[in-house]
Structures are given as C-alpha cells and as structure tokens.
Amino acid sequence: MNREVNMVIDDVTKKSANLHEIDALINPISQVGKKYKKNPHIFKPGEEKEAEQEYSQLSFLINLIKKQKGFVPELTSLLMHIESIEITFSRAKSLYTLEVNEIQQIKQFVFYLNQLFESLKKYKADHVLHIPPFDELFIFLDKDGHNSPAFHLSDSYSDDYSSHKQSVRQLIRKKEEIYWNTLEQAKEELDLADIEPRLVVSRQNKPLLEKLSGSPRFYPESENFANCIFKLRKTEEILALEEEIKKAERKLSQAEIKVRELITKVISVYATDLFSAGEKVAKFDYLLARALFGVQNQCCIPEVTKNSNLYFEDAINIPTKKSLEQSGMKYQPVGLKMQRHVAIITGSNMGGKTTILKTSAQLIYCLIHAIPTPCKRASLPLVDFIFFSGIKPERMDLSSFASEIVAINEALQKPGSGLFLLDEFARGTNPQEGSALSRALIKYLKNSSHLVLCATHFSELSQFKSVDHFRVIGLTADQYRALDLQRQDILSRRLQELHKYMNYELEAVEADSPAPRAALMIADILGINEEIIKTATSYLENKENK
Amino acid sequence: MVRIRKEITVKNKRHFLQNLFTGEKKLTVIIGISKNAGKTTLLNWILKHISSATVGVLTTGRDGESKDIVGGHIKPKAYLPQNTYFTTFASILRNHSSGLEVIERLPYKSVGKELWLCRALRNLELEIIGPPTVTQQISIAETMLAHGAQHVFIDGSLDRRSIARAAQIDSLLVAVSPEFGNKREIMSELNKLSQLSSIPRAETTIEDPEYLCYRDDDGFHTTKIKSVLHKKFSLDKYISSDWIYLPGAITDAIFKPVQTFIQAYDGDIIIRHPFNLHLEKDKLQRLMEMGKIKCLHRLNIDGIAVNSYSVSGMHLDCEELREDIRKSFDIPVVDVAEVH
C-alpha cells in the first residue's frame, strides 16, 4: 500500500482526485523555487492566521500582475537565473577554497538577487520579499566593473597574482613570436611560399623531400609508404622558454589559489545571509507561481475558516473542465454549502458525484498550500490530511474491496482532522453488507472531528439524521425523453447529448428523501442493447409488484 | 570583422579562409566523412589563422582529449585563441582558471556532467566538451552569438548529418581522409555531397516540416502524413499539385514508386534537407537528372579539407589526393599540411 499514516496526502489520493494536475499548473521559475515546490509549507489546523497572511500577500501579487503587464515577464527573466547553490554556500562558510566556477555561481546569484530587489522596489513590492542587497559583495566579485554575472580572476585581486599572470602571458607571447619567426625563416631558407609547422610530402616529390630532409629547421616525424611527415624543430630558445613557462605557470597556480582563498574568505562572511536569501527567493517564487495560477484560472482568495464544513460557489474542477472542452463540451461550475461536518450525496449515475468529491479535494488541496481556489467564493477549513476512497487496488494480493478497507483503516489511524471523500464506499461487495458497512462508517465519522463527503447509491444512507443530504439534480424523465439518441451512434456524441441536458448542480434535500434511480436510463443513453434494458425493466416491475 | 593573418600568402588557403566568412554566415559545421578525418586539426588551423574576430567553438561530445577513446591514438587539443567562447566540464576549466572567464553553467549535460560556457582570456589549448543533441548544440551556439561571438564553428561527430541538417546551419566544411576508403571511394562520396549541394532552395516556406503538404488549384494543404516510407504508400493522388513537400527520408526502398511519380509529375518535389536523400549513387544520379528536387535548407559546402594520413595505416599519396579533388570540385580545397 502506498498510503502512509503520517502523509498529508498520499499518492493514491493525489492520483484519484487529479491533484497532480493542479500541482502541474503551479510553476516556479527559479531552481530554488522549483526545489521549494517539492516540499512546501502546508498549513495545518491552528495556522489559520498564517494562511490568511499568505493569502493577503497573494492577493497583493494578483492585483499587481493584473495591473502591471510587465511585472511577471521582468521577474521571470531574473528568477530563471537564480540557481540552487546551497552546497557552494556551505563550502564557502566552511572556508573550502572555492573553484572559479563556484565563484561565478555565487556572483550570478548575487547579480540577479540585486536586480530582483531593484525590480521589486520599482513595483513597490519589496515588502513581499525582504532581501538585503549584496552590493558590497557584488562589487568585490566584479573587480573590473563589467557589471555582469560572468566571473574571472581579475588582476586587481592581488599584485602577486597579476605579476605572475603577466609573466606567463609574456612568455607565451614570446614563445609564439619566436615560433612563427622560426617558421618564416624556414620558409625563406627553403625558398617556399607557404609552410606549416607540420608538413606532409609525397614520397614521389623527391626534390621537396631532399630539401626538407636536409634542412635543420625540420625533422621527420613519421613516414609511411605514401608520404613523409615533417615537423618544425623547436629551437633551443623555444625549449628554454617552454621550461620557463612551466615554472611560471606553477607559480601562477600558487598565486591563483591564494586569490581564490581570499575570495572564499570574503564570501564566507556573507554565506549565511546568502543561504537565507536563497530560501526567501524560493518562497517568493512559489508565491508568485501561485498568484499566477490564481490569475490564469480566475481563482478567488478563500476565507480560511475554523468551522468544520465546506462552502464554495461556482467551483471549477480544472482537469475535468479541460477534458470536457477538448471534447467540445461546456463545463458546469458546481457549488456546495454544508451546515454540518458530514454530507451524503446521492444522484444518478453520470451526475457528477465523483467530480464534486474531486473538486472538494482540489479546493482543500489549494487551501492547505495557500493556493488561490478555482471558484467564485469559498469558505474552507484547514485539515491535517485528505483521504479519497474509491481507488483501484494497488496490491495484487488484495481485492478492490479489501484494498478499500485497508486504505480507510490507515486513514482512520491518522492523527488530527482529515477530509474524508468516500466515493461509493463498499460498492465492491454485496449490497446488504456494503450498505451496513457504509452506515457504520458514517456513524463512526459523525462522532469524529473529520470533515466527510460521501457519494453513494445506498438508499439506507439517506435515512441518517443530523448529517447534510444533497442530491445531484441530474436528468428529469422529460429531458430523458427529449434526448436525441436515435442519430447518435457514436459514444462521444451520446455523451455530448447527455451532457447537454444533465444538471450537475447539487440541491439540499431532507433526510429520508429517496435516492434517485436512473441506472437503466443512463445505460440506455450509453447505448446498451435494447433487449437487456427491457429485461431489466421487467425484472424491476416484477419485484415491485411482488 | 574577421581578418586572415598576413602569413597566409598562398592563394588557395586565403581563399578557403575568406570563403568561410563571406556573407551573413554565423554557423559553420565541420563534418568528417569518417572518424579521424582531421576535423579538429582543420578547426585549429582556421582558428590559428584568423584574427580580429570573436568566435565560438562547439563540439559534439568531446574534442581535444589527449587520446582517442575508441582508437587510443594521440589526438590534437583544441586551440582556442583569446576571446573564443567554448564549453567544457568544471574539472577541465579549473586547470585553466587564470586564463578564462566563466560565463554561466549551461542547462545541458554531457555524459552526466554539467557543461560550462567560458571565454578564453588568452590563447588556450584544452579539451572542449559539447552536448549530445543537435537542439542543445544549436541553442548553445545561439547563446554564444548573443554573448558577442561573430561566428560559431561546430566540430561535428560521427552522426555528422544530424547537426548539418539543422536549419540554422549556414555552411559546412568537409574533412576527408583515407579512413573512409580508397581514392575512388572518397571521390564517389565527395561527388555525392557535391550533387546534394547543387539541390536548389525551394521558394516556399513550410510551417510544419514534420508533415507532408502540397499546393494545388484549391490552395495549400497539410496532411497528417509524417513519412513516405511505407511500401503501400502512394503519391498518385498528388499528381496534379503544383508542388509537394515530402517529410522524412527518401530511401532506396521507396525509390521506385517515387521515381515513377516524379517522371509523370510536373511540379517540384520539396524535401527538408539534401541529407534526407538516403540513396545509392546511381539512384541519386537518376533523381538529380530529373531536375525536380528542391529543398527547404540548402547544403552549402564552403570547403573541403584533405588529410592524407590514416590512423589505421591506409594512407594515400597526399599530392595525388589533393590534385584529384581540386580538379573534380569547384569548392575551395585545403590541406593544412601542404607545402607550397
């Protein structure tokens, strides 16, 4: 089983309620933000004020995004360069001499951090992200004043390093000059128009072979049956210079280490602040991503309530909406107003009961992550965990019924108050026992602090007192008769026709209201063999007559 | 402005170098007709003989490693003049810390290791490393150009055709060595390349080159067909179109139906790149003679570099090889080890 006692939302629930798809729409830009998103702060019951503060910042950012069109592109262009380099900060703090590429990463981090700070100040949004500017550190890392994130070990760091660097450069230049002069001299001596330091001569070209073989400037590097290869001989002066270059490079390398030690020491002073700035940017980036999600999906800022019930208006189940739109169908927003902490939902098949449960899961998922909620208005409580039943068995040694029982048992052992979404619980066993088990579970949950939404076809559950009862309005008999199914031979067209008339809204009903019976109607709409429908109808009629 | 160093006095070498920088060219790929064809030697020679230019150098995989990973023989290091942009591993750039500027860590890896974009602050000789995919190579080349490189050279790999086929590539240098085969085989391969480079550019633009499309009296049409490589696939229904664009490759297996169609067809057959014609010499010849093939991206061969040395001992007479190639092709030919 994938479910773990201490997990806020296990993978099975995430998958069943399409929470991954909501998650995929929140995209921080920076490497630090992306990393933070993998383990963000989750608001638990008792943190209502903190969640409200987070939502207040989101509300500010949402307004800013809507008013200032340049805000998001400008911040995106900066955040995309802020990398996750905590290990480099730790190395600097511990005074491990940083390599030149690590120093570049820190310079780049500081460069874009400073720009981010300036940009937020420009948009009067610097109160959302408190980061001290690292101007002094940047000036130190940008010795030559290039004002870029690129880094090189400037001569200005140390006279000793500078002089060794100059010395190596001069020696190399001198060697190259002598080398080219030697080549030019060889060209003149051999009376040739153009030669290279490495020459290939055909064995058939005897005069040239003799010329090069006799020249002290070249030596035969190798030969084969077709050609001879000659190479320019290095003069004594060049060989001596090469030795000198090696020695100078060794000294330069030592001076360079000292410079890197010096830079590391300076960075180490800022390491803790840099680390903390990285964390703040990560949180800010995640905040910005959530604000952008809110704008793109017409979300609202929900009221974070301590009440143990759900209230939302015109909620959008984003994955379902996308899927319907792809099939050319329109999504109908749904609402729910619970008075108590347990609600039973009944309704015909295809009426959207599961979608209501999933939508509730998505809204609560958004709430505990302080994500704007995709609905018109909402008042929602924080929960310690979300549990969604009605899943496929994950283990080969458990039947679907057994897997459901094991999963709910694990969820009931979790500490705190959870959101229980029961999708036709116990449908995998015989109706009598399934119904009894469901009633017992609801009774148990009614006496707990958990928030419960239960979608069911068991009519006995509608008899429960002191719980909320809702029914999907669904399809009336008149609408059923009005359906034009004769010409709809393809399933997708039949579904479109059904979707056109189906009312997915919930209506509050009294306890004891009969559960709708529309399975045969829906089976007919879905195109099952007419004879089967007729036989099923006759069975029902016979039973009722008896 | 790219200048050729004054010591290059020989006409054909100057011509070869000047030809690389004429026009609006920004991206040149060096491909070898075989492994160990002398691509790095050619690139080093070019970089040693140009001045006043900031260039970028990229490779497919590794270049300038001291020993060939497959053959084990000594390989030349990449020569990088001052200001050259290049990519390599952190472990390599750390050995040259005082001679380079680290620009940024790239979002690409090679053999699981991160790649870094750097600029040489003095002439350097080191191993350069590039990303494995064409898209990544093109993306880095564009980054180099954005940083100020005037021209980028890409040292291609064994899978040379994939990088050469990229739309952004302006020109191609072909390195030739006896590793490919004997002189007749080399000439035949060069002939094929020359034929492919003669395919003219189509005067139309295709929005999505992944799909077969065509134009007829009713206008422009895009289909859902991604390949014509099915034996049962027929082009007959497009016979009255003005032109037809064929995505993917045309291979020997489908040559016959394609040839029959072209014989009866009055319009142009457009392909993505000449390298999409994977045909035997004779079949390519017959197709070319029909004169109806056009391409979206031309194959511009800017020069041929001859290397008579063979790592596996199949050497050819350098003078004969150079002269035969020069006589046969109207493309600048250079042997960097030639004596004039």
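Taking one quarter of the surface of the convex hull spanned by the alpha-carbon atoms of the stretch A:214-301 gives a direction-averaged projected area of 15.6 nm².
Over 27 Å apart at the Cα level, from the set A:Lys358/A:Lys443; B:Lys26/B:Lys281; A:Lys165/A:Lys231; B:Lys232/B:Lys283; A:Lys34/A:Lys122; B:Lys39/B:Lys281, are B:Lys26/B:Lys281; A:Lys165/A:Lys231. Taking a point 7 Å out from the Cα of A:Lys34 in the direction of its Cβ, the residues of the stretch A:280-312 whose backbone N falls within less than 20 Å of it are A:280-293.
Using the beta-carbon distance between A:Ile87 and B:Glu125 and R0 = 30 Å, what value does 1/(1 + (r/R0)^6) give for FRET efficiency, to the nearest 0.05?
0.45
Between A:Ser56 and A:Ser94, full extension at 0.36 nm per residue minus the direct alpha carbon distance yields a gain of 9.8 nm.
When the Cα positions of B:Ser97, B:Cys295, B:Leu58 are compared along the charge dipole of chain B, B:Ser97 comes out farthest toward the positive end, with charges on each C-beta of Lys, Arg, Asp and Glu. When you filter the trypsin sites (Lys or Arg not before Pro) in the stretch A:227-315 for DSSP loop state and at most 11 other Cβ atoms inside 10 Å of their Cβ, you are left with A:Lys306.
Under 37 °C and 0.692 mPa s, how fast does the stretch A:1-123 diffuse according to Stokes-Einstein, given a Kirkwood radius computed over C-alpha pairs? Answer in µm²/s, whole number.
Taking Rh from Cα pairs, D becomes 185 µm²/s.
The share of Cα pairs per 10 Å bin across chain A, counted from zero up to the longest distance, runs 3, 13, 17, 15, 12, 10, 8, 7, 7, 5, 2, 0, 0 percent. The loop-placed trypsin sites (Lys or Arg not before Pro) in the stretch B:179-251, going by DSSP, that have at most 14 neighbouring Cβ atoms within 10 Å of their Cβ come out as B:Lys224, B:Lys226, B:Lys231, B:Lys232.
Shape analysis of the stretch A:295-431 based on the Cα gyration tensor places the equivalent ellipsoid semi-axes at 26, 20, 14 Å, largest first. For A:Asn447 and A:Ala536, the difference between the fully extended length at 0.36 nm per residue and the C-alpha to C-alpha distance is 28.1 nm. Compared with the dominant Cα axis of chain B, that is its longest principal axis, helix B:183-197 is turned about 70°.
If r is the Cβ-Cβ distance from A:Ile139 to A:Tyr501 and R0 is 60 Å, what FRET efficiency results, to the nearest 0.05? Mind dumping the intermediate values first?
Numbers: r = 70 Å, r/R0 = 1.17.
About 0.30, to the nearest 0.05.
Overall, chain B carries a charge dipole of about 620 debye about its Cα centre when +1 sits on the Cβ of Lys and Arg and -1 on the Cβ of Asp and Glu, all other atoms neutral. In the stretch A:172-224, the inverse of the mean reciprocal separation of distinct Cα atoms equals 12.0 Å; this is its Kirkwood hydrodynamic radius. Temperature 4 °C, viscosity 1.567 mPa s: under these conditions the Stokes-Einstein estimate for chain B, based on its Kirkwood radius over C-alpha pairs, is 60 µm² per second. Label positions at B:Gln259 and A:Gln432, each projected 7 Å from the Cα along the C-beta direction, are separated by 8.1 nm. Given R₀ = 30 Å, FRET efficiency for A:Glu188-A:Glu236 by Cβ-Cβ distance, to 0.05? So the FRET efficiency works out to roughly 0.90. A DSSP coil position with no more than 13 other Cβ atoms inside 10 Å describes the following GluC sites (Glu not before Pro) in the stretch B:266-340: B:Glu280.
Couplings 3J(HN,Hα) of the stretch A:69-86, computed from phi: 5, x, 4, 5, x, 5, 5, 4, 5, 8, 4, 4, 9, 8, 9, 8, 10, 4 Hz, in residue order, whole Hz [Karplus 6.51 cos²θ - 1.76 cosθ + 1.60, θ = phi - 60°; x for Gly and Pro].
Considering every alpha-carbon pair of the stretch A:410-462, the percent of pairs per 10 Å bin, from zero through the bin containing the longest distance, is 24, 55, 20, 1.
Of the listed pairs B:Lys35/B:Lys192; A:Lys280/A:Lys337; A:Lys246/B:Lys77, which have alpha-carbon separations greater than 28 Å here?
A:Lys280/A:Lys337
Annotation: the antiparallel percentage among DSSP beta bridges lying fully within the protein assembly as shown is about 45. Dipole orientation for the stretch B:218-340: of the candidates B:Ile325, B:Ala337, B:Ile271, B:Ile271 has the Cα lying most toward the positive pole (charges on Cβ; Lys, Arg +1; Asp, Glu -1).
Here the label points at B:Glu289 and A:Met80, each 7 Å from Cα along the C-beta direction, are separated by 5.3 nm in the simple model. In a reduced charge model with +1 at each Lys and Arg Cβ and -1 at each Asp and Glu Cβ, the stretch B:240-290 shows a dipole moment near 180 debye about its Cα centre. Note on A:Gln332 and A:Asp159: the extension gain reaches 54.9 nm, defined as 0.36 nm multiplied by sequence separation minus the Cα-Cα distance. Here the label points at A:Lys49 and A:Ser215, each 7 Å from Cα along the C-beta direction, are separated by 8.9 nm in the simple model.
Values quoted throughout were computed directly from the atomic coordinates according to the rules given, and no laboratory measurement underlies them. Being a predicted model, the structure only gives us computed values, none of them experimental. Neighbour counts are summed over all protein chains in view; Cβ atoms, including those assigned to glycine, are modelled from backbone coordinates with ideal geometry.
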